[in-house]
Amino acid sequence: MENSVTQDGIATVLANQSLDSSSVRPEIVVQVVDLKPAGNRYTFSANDGKMKIKAMLPATLTSDIISGKIQNLGLIRLLEYTVNDIPGKSEEKYMLITKCEAVASALDSEIKAEIKASTGIMLKPKHEFVAKSASQIINEQRGNAAPAARMAMTRRVHPLVSLNPYQGSWTIKVRVTNKGVMRTYKNARGEGCVFNVELTDEEGTQIQATMFNAAARKFYDRFEMGKVYYISRGSLKLANKQFKTVQNDYEMTLNENSEVEEASNEEMFTPETKFNFVPIDELGTYVNQKDLIDVIGVVQSVSPTMSIRRKNDNEMIPKRDITLADETKKTVVVSLWNDLATGIGQELLDMADNHPVIAIKSLKVGAFQGVSLSTISRSNVVINPNSPEATKLKSWYDAEGKETSMSAIGSGMSSSANNGSRSMYSDRVFLSHITSNPSLGEEKPVFFSTRAYISFIKPDQTMWYRACKTCNKKVTEAMDSGYWCESCQKKDQECSLRYIMAVKVSDSTGETWLSAFNDEAEKIIGCTADDLNDLKSEEGEVNEFQTKLKEATWSSHLFRISVSQQEYNSEKRQRITVRGVSPIDFAAETRLLLQDISKNKTSQ
Amino acid sequence: MDTSSPAAFVNGALLRRYIGQKVRAVIQVIRSDVGSVIGKSTDDQQIVVKGSPQPPLTTYLEVIGIAETDNTIRAEVWTNFGDSFDVQNYNELCKLANGEFRHLFI
C-alpha cells in the first residue's frame, strides 16, 4: 500500500466532486506528476495509473514542495479537494486541493496501467514511434485537421506566466497585441535586421518576443496583429529592464527553428489588457523616464485635432489633447497622436459631455506643461473599461468629483516631491541659490526654474550668427556669393540670423548673466534676430534698435534654466543657459507666494 | 501718497470690523440695481454696494468706500477688475492683511 496509488482513484475523485474533513474519507492516494509552479502556487497532474486530472495545490503547501516533502512522482493522500470545470472546456476538469498529506517520496517513474478513455485526460504512452512511409505521413497530414489544431490537441498549452529559462519544451497560445516594424542595424559584428512582437495570453500575461535576421524574415509576415498563434521552441532570458515595454521578468527570442502556427478555426480568446495604473498626483516621478505608465481617469475635456509638424522629417501628424482627472483631484493632459487622435479621439470628443472613464496603456510622461502624457505607437485606449477601478472612479466622479475643483498636476506639484518631478513651480529657486553655489552643475547640468527681471542687454555684443536655413548651423560666406553650410554640404543664396546672446537678469536676491539661444531670445526681445538686425541698420533720429532692447529690459519672465560648469581660460565657470521662457501667470505666482508665506509661518 | 484715510482690504467676514471706516473689497457682480450693486465677496458672502458706478461693469469690481453695515459698503471709487480674477488669492490677502501681518498695512 505504501508505494501504490488507489485503484481508480481519479474516477472516485470525479464521482465525489468535493471532499472535506467531515466526509467519510474514501482514502485516495494519487501520484504527483508534472509538478510545476504557477504564480505563487503549484500545479500538477494527479495520476492513478489509468487517468490523470489537472490539480492545483494551495499556496500554503508551497513550503512542503520546496522542502521536498511533496515531490514530483511522489504520492499524496487527498484530504480535502473540490473538482471544477475548466471554463470554456467542459470536458476537462481540474481538482483544487485544499488539504493533503505526503505518502511517499518520488517513485522511479510515472505509474501506468492500461489505457482507458475517461473524462480526465487520457494517458498516452510517452514515446510512440511507429515506422511509417513518407506517403503515409503526408496522407495523414492532408487528411488531418489544420496543423495548428493538431498542435493544440497534442500539446499542453502553457500559461505565459509559467515560462522560465530553465524549462524544456513548451507551447504557448498567444495573441499578437503589438507588432513592431522591421528594423535594420549595423554594429561591430556586421549588419542585420530585427523586429519584435508583444504576445498576450488568455490570462493577460504579456511577453515580448524578438527575432533576428533569418528568423525575423521568416516570421515577419507570419505574425499578424491581433491573430492568435501557437508558439514553441523559443528561448527565454531575463528581460533587459532598459528596453522593457511589458510587465514580464523574461523576454523571448525566436530563432529559425522556432515554431509559430496560427490558431485558426478555434475558439478565440481576447486577452484582457492588464493595467498598472499610476495615480495622477504620482506622475511627477516618471517625468522624462524610460518607464511607460498606464493611467485611468475621467475625461474632462477633449480638444479638436491639430496638425503638428514633426521635427526630424517635417511630416504633419494629427494630435488631440484630452484632459483626465482622477480621485487625487488632479488633472493631466494626454496628447493622443496619429490614429488615436483621429479615431478614438473623435469618439471621445463626441461623448465628452458624458465624462466617460478611459484607461490608457503605455504612455510616456513628459515635462511639457510641468507634467503631461503622450501616446506612443503601442499605446492602447479603452473607453469605459469593465474593471473595478473604472467603476470606483465613475462613482467617485458622480458622487463628488463633478463638484470638486481640480488642479492641473503640472502647476500644483510640491517641491518636496521626488527629484524626477520637474515643473515650472516645483524646483523654483532665487538667483542667489545659483550664484552662491559655485560648484552647482559640476557633475552634470542641473535644472531650475526662476522668476526674474531682465536688467541689462548689452547692445554692442554679438547677438546672433548667420545660420543655414535648413539645419540652423553656422554658415560661412562663400567665395563668390551666397553662404556655404558645412553641415549640409551645400550653398544657399540666403541665410537667416539666429540669436545667441547674453542677458543680465535680477531678482530680489541678486543678479547673474544668462545665455539665451534663438527661440528663447526671441521671446525675451520680442522679435526675430533678422528683424532686430534690420532695426539696427536703420539710421535716424530715434534708434529703434536701442528702443527694442530697452523695451525688453525690466520685464519679468519665468525662466527654465540649466546650470553647468565650463572651463574658460583654465578656470571653471558657471554657465547658465535659458532653456525656456514663459510669461508670468500672476495668479499662479501669487498662490506660490502664499504657499511660501504659510510654509515660513509653520517653520518659525 | 495720501495716508490720511487708509482703506483696509476686506472680504465679507471682515467687513463688520470696519463699520464706519474706509474699506476696499473686490466683488463679483451678481446684479446691478438703481443706486446699488449686489455682489459676492471673495469669501462668498452677499454684499450690497451703494452708489452709482459708470457702466459697463466687468465681472469683478474693486470698490473703495465706507462700511455701513456688516454687508453694505457706500462706495466712492469703482474700478473694473476684468472678467478673470483669482478670488482665492485676494481672499488670502485680506486674511493676511488683517491678521498677523496687519502691521505691514496702513
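The values are calculated or read from the model by the stated rules, or taken from the named source; none is laboratory data. Keep in mind the model is a prediction, meaning the values are calculated, not measured. Cβ placement follows ideal geometry from the backbone for every residue including glycine, while neighbour counts extend to all protein chains displayed. To get the accessible areas, we keep the full protein, side chains included, count just its heavy atoms, and leave off ligands, DNA and RNA. Shrake-Rupley method; radii C 1.70, N 1.55, O 1.52, S 1.80 Å.
Looking at the range A:360-407, which GluC sites (Glu not before Pro) are DSSP coil and have at most 13 other C-beta atoms within 10 Å of their C-beta? Loop-located and lightly packed - A:Glu403.
Couplings 3J(HN,Hα) of the range A:68-79, computed from phi: x, 5, 9, 10, 5, 6, x, 10, 10, 9, 7, 10 Hz, in residue order, whole Hz [Karplus 6.51 cos²θ - 1.76 cosθ + 1.60, θ = phi - 60°; x for Gly and Pro].
So which residues of the range A:583-604 lose at least 50 Å² of accessible area, probe 1.4 Å, when you go from the chain by itself to every protein chain present? So the qualifying set is A:Leu594, A:Lys601. With angles folded into 0 to 90 degrees, how steeply does helix A:134-143 sit against the dominant principal axis of chain A? Use alpha carbons for both and round to 10. Its long axis makes an angle of about 70 degrees. With the simple model of a label 7 Å out from the Cα in the direction of the Cβ, A:Lys99 to A:Arg41 spans 1.6 nm. Annotation for the A:B interface, with buried accessible surface near 500 Å², both sides summed [1.4 Å probe; non-protein components not counted]. The chymotrypsin sites (Phe, Trp or Tyr not before Pro) of the range A:157-191 that meet both conditions, a loop assignment by DSSP and at most 16 other Cβ atoms within 10 Å of the site Cβ, are A:Tyr166. Here r is the Cβ-Cβ distance between A:Asn187 and A:Asp480 and R0 is 56 Å; the resulting FRET efficiency, rounded to 0.05, is 0.80.
Would you mind calculating the relative contact order of chain A from Cα pairs under 8 angstrom and at least 6 residues apart, reporting the percent as a whole number? For chain A, the relative contact order is 7 percent. For the range A:267-368, GluC sites (Glu not before Pro) meeting the loop criterion (DSSP other than H, G, I, E, B) and having at most 15 other Cβ atoms within 10 Å: A:Glu267, A:Glu272, A:Glu315. Rolling a 1.4 Å probe over the protein heavy atoms of the range B:8-89, with every protein chain left in place, gives an accessible area that is 48 percent carbon and sulfur.
Surface composition of chain A: carbon and sulfur make up 48 percent of the accessible area, probe 1.4 Å.
Multiplying the residue separation of A:Ser307 and A:Ser598 by 0.36 nm and removing their Cα-Cα distance gives an extension gain of 100.4 nm. In the full protein context, the range A:158-260 carries 51 Å² of accessible surface per residue, based on a 1.4 Å probe and ignoring ligands, DNA and RNA. Measuring between alpha carbons in the structure, the pairs from A:Lys241/A:Lys364; A:Lys444/A:Lys599; A:Lys241/A:Lys319; A:Lys218/A:Lys364 lying more than 21 angstrom apart are A:Lys444/A:Lys599; A:Lys241/A:Lys319; A:Lys218/A:Lys364. Under the simplified labelling scheme, the A:Tyr453-A:Ala502 pair shows an inter-label distance of 2.2 nm, with each label point 7 Å from Cα along Cα→Cβ. Between the range A:175-205 and the range A:213-249, what's the alpha-carbon centroid distance in Å? A separation of 6 Å, based on Cα centres.
Accessible surface area normalised per residue over the range A:7-102 is 45 Å², counting heavy atoms of protein chains with a 1.4 Å rolling probe. Once you've got the Cα coordinates, tell me which of A:Lys50/A:Lys93; A:Lys473/A:Lys550; A:Lys179/A:Lys237; A:Lys458/A:Lys523 are over 23 Å apart. Cα-Cα > 23 Å for A:Lys473/A:Lys550; rest within.
Under 27 Å between alpha carbons, and skipping anything fewer than 8 positions from B:Lys40 in its own chain: which lysines qualify? In chain and number order, the partners are A:Lys329, A:Lys402, B:Lys22, B:Lys50, B:Lys95. May I ask for the net charge around A:Leu236, where only other residues with Cβ less than 12 Å from the Cβ of A:Leu236 are counted and Lys, Arg are +1 while Asp, Glu are -1? Charge balance in the 12 Å sphere: 0.
For chain A, the direction-averaged projected area of the alpha-carbon convex hull comes to 43.9 nm². Measuring r between the beta carbons of A:Gln17 and A:Glu224 and using R0 = 51 Å, the FRET efficiency lands at 0.75.
Here the simple spin-label model places points 7 Å from the Cα toward Cβ, and for A:Gln7 and A:Ala352 these points are separated by 7.7 nm. Need the per-residue list for the range B:66-106: every residue with at least 10 Å² less accessible surface in the complex of protein chains than in the chain by itself, probe 1.4 Å, sorted by number. Buried-area filter returns B:Asp86, B:Asn89, B:Glu92, B:Leu96, B:Glu100, B:Phe101. Here the range A:368-404 is scanned for amide nitrogen atoms under 16 Å from the site 7 Å beyond the Cα of A:Lys329 along Cα-to-Cβ, giving A:396-404. For A:Ile70, the residues whose amide H sits under 5 Å from its own are A:Ile65, ignoring neighbours fewer than 5 places away on the same chain, with H placed 1.01 Å from N. A:Ala502 sits among other residues whose Cβ lies under 14 Å from its own Cβ, and their net charge, with Lys and Arg +1 and Asp and Glu -1, is +1.
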